[in-house]
Structures are given as structure tokens and as C-alpha cells.
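Input: a single structure, listed below in C-alpha cells.
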Amino acid sequence: NDEIYKMNSNGTGVVRLTNSPAADIEPAWSPDGTRIAFASDRGGAGYQIYVMNADGSNPIPLSQTPGIDFSPDWSPDGSRIAFASYRDGNNMEVFLMNADGSGRRQLTDFEATSFYPSLSPDGDTIYFVSRQTGNFEIYSMNLRGRGLRRITGGIGGLYAPERSSMDDRIVFTNNSDGT
């Protein structure tokens, strides 16, 4: 099954952080490096968001609600976590909660799937993937759910955007040609 590991950037010092019969996936470091948010199906209710200490200790469930929650991303100040959720049986949507799991609120509410949230370095904008045009494209909006803007146009097959903390660039995965 999937487990979470950490290692030095040169490939040395590999340490296993989780050891669960369930799948533990999609780790995200807190900005201060002391905690890791991740998705796991260890609670028996589908994938949910958990937070653990950077050494793998003290895993705490944050989103034990019906549905599937995944793709956590920390706000730059570490106070909030954005995540994708499939709750209503229709579409995945983007949510935001406090880092302790309280104050959950839905940010997107579209006819199309929205997922892979990524918060901007200033914490005021969220980037995500949505299928509003029929293709998976990258969008942005403010955290009040306003100012929706499509960033990419016609590429399709886009996933997992991540905004650089150093400048105005975004990295992403592209599967538009099927590879």
C-alpha cells in the first residue's frame, strides 16, 4: 500500500513516516516544516485529510465527513489548508479549512469538477483545475469565491498546479497528448 516517506534533496536519509494498512498519499509540508498534511483512507470513510508531525508521529484526522477529501495544500502562513472534496455525489469541489480542521467552507460550486487546489504565496488567491470548458484547465479566484479567471486556454489535460513562492510562475502536469 501507499505510505509517506521523507528524504534529503540529494536522495539520502530516506525515512518512512507512515505505517498503516491503509493508503497514505499526497503529502504537503506545512510552511514552517513542522507538520505534514496528507490524504488517507485509514478511517474507513474514504480518503480524508490528516495532519501529522514532520517525524510521522501524532496523525490527526481533520475531515472525517462522508465523501472523499484529497490534495491538501497549506496557506503560506500555515493557518489554513485547501483541499479537494467529492461530497455530494456530483462533482469534486475545492474547500478551505483552518489547520485544525475547523471552519470548513466550500470555495467552488460549479457544474464541473474542480480539484488540485494550490494557494498563492500571498494567501489571497487559489489556483485549481476545473473542467468547465470540457477540458481540464487551470483557473484562479480569490478566497471569497470571486474573480474567477481561466489561466490556461485550450491546452486541456492539466493537473496539479503549484505556484512558485519565488516568482510568478506555475508548474503543472500535462496529459493532453495521453502520456
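The values are calculated or read from the model by the stated rules, or taken from the named source; none is laboratory data. Since this is a predicted model, take the numbers as computed values, not measurements. Note that we place each Cβ from the backbone using ideal geometry, even for glycine, and neighbour counts take in every protein chain shown. Note: accessible area is taken over every heavy atom of the protein model, side chains too, but ligands, DNA and RNA are not part of it. Shrake-Rupley method; radii C 1.70, N 1.55, O 1.52, S 1.80 Å.
Quick notes on this one:
- Of all residues in segment 108-122 being among the aromatic types (Phe, Trp, Tyr) and in contact (Cβ under 8 Å) with a residue 40 or more places away in the chain, the one that is farthest from TRP74 (Cα to Cα): PHE115
- Members of segment 135-155 found to be open to solvent by less than 20 Å² (accessible area, probe 1.4 Å) and among the charged types (D, E, K, R), listed by number: GLU137
- ASP2 meets the conditions (1) part of a loop (DSSP other than H, G, I, E, B); (2) crowded, with 17+ Cβ neighbours inside 10 Å in every case but one. The failed one is (2).
- Test: residue in segment 49-61 that is in contact with a Phe, Trp or Tyr (Cβ under 8 Å, 6 or more places away or on another chain), of a type in the set (Phe, Trp, Tyr) and under 18 Å from VAL129 (Cα atoms): no
- Identity of the residue in segment 55-66, open to solvent by less than 20 Å² (accessible area, probe 1.4 Å) and either hydroxyl-bearing (Ser, Thr, Tyr) or in contact with a strand residue (DSSP E or B) (Cβ under 6 Å, 6 or more places away or on another chain) (or both), that ends up farthest from TRP29 (Cα to Cα): SER63
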